[in-house]
Amino acid sequence: WLNELVGHATSWMIIYPFELLRVTHLDHHRHANDPELDPDYTSHAPGPWIAIWKTIRQRQPDGKRAGDYLASAARAGRDDLVLLAIAYRLGYFAILFTLAWTGYALEAFFLWWLPHHIAMTYLLFFLSWAPHHPGIKQGRYKDTRSWKSVVGNIGSMGMQFHIVHHLH
């Protein structure tokens, strides 16, 4: 129940429904490093700076990340999550638009929009790219790795030991 509570209480901050994150996470475990089925495969890149740039590009209107998550929900038979994800995004943009319209554009930019994008870049780098780089092998003992993070265990959210998570 604690996992559920924390998941629902915090996932709105990155503008994703918790249930969609759960479905895509489990799909990622079933298909880790599969270019066709892994919803996190779009984070793969040959190096860290390219990975960071890709996370930024994926959030552009022509980006591919949302499509991967929506395809994952469809494979799970959870079309309801697609509508919920769209509602989250529409709500987010409605709030940003309302803040800008009422004279709080800079506050919305600096306190919500920019921190969201910085956080998403950081999360995608440490939760997706770093533990799976180079991302070419598949299999329970090959699809992730341990590494030494320059920002330490706390700074990398413990992801340098992500291999233990994949083993279970």
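The values are calculated or read from the model by the stated rules, or taken from the named source; none is laboratory data. None of these values were measured; they are calculated from a predicted model. Neighbour counts are summed over all protein chains in view; Cβ atoms, including those assigned to glycine, are modelled from backbone coordinates with ideal geometry. In case anyone asks, the SASA skips ligands and DNA or RNA and just uses the protein heavy atoms, side chains included. Shrake-Rupley method; radii C 1.70, N 1.55, O 1.52, S 1.80 Å.
For the stretch 1-89, the helices (runs of 4 or more DSSP H) that sit wholly inside it and include 1 or more residues that are open to solvent by less than 40 Å² (accessible area, probe 1.4 Å), closer than 19 Å to residue 129 by Cβ and modelled with pLDDT of 90 or more are 18-30, 48-58, 65-75. Of the residues that make up the stretch 102-115, is at least one under 25 Å from residue 50 (Cα atoms) and touching a residue at least 24 places away in the same chain (Cβ under 8 Å)? Checking the stretch 102-115: not a single residue is under 25 Å from residue 50 (Cα atoms) and touching a residue at least 24 places away in the same chain (Cβ under 8 Å). Counting residues in the stretch 140-156 that are at pLDDT 90 or above and in a helix (DSSP H, G or I) gives one or more. Going through (1) under 20 Å from residue 43 (Cβ atoms); (2) open to solvent by 30 Å² or more (accessible area, probe 1.4 Å) one by one, residue 131 falls short only on (2).
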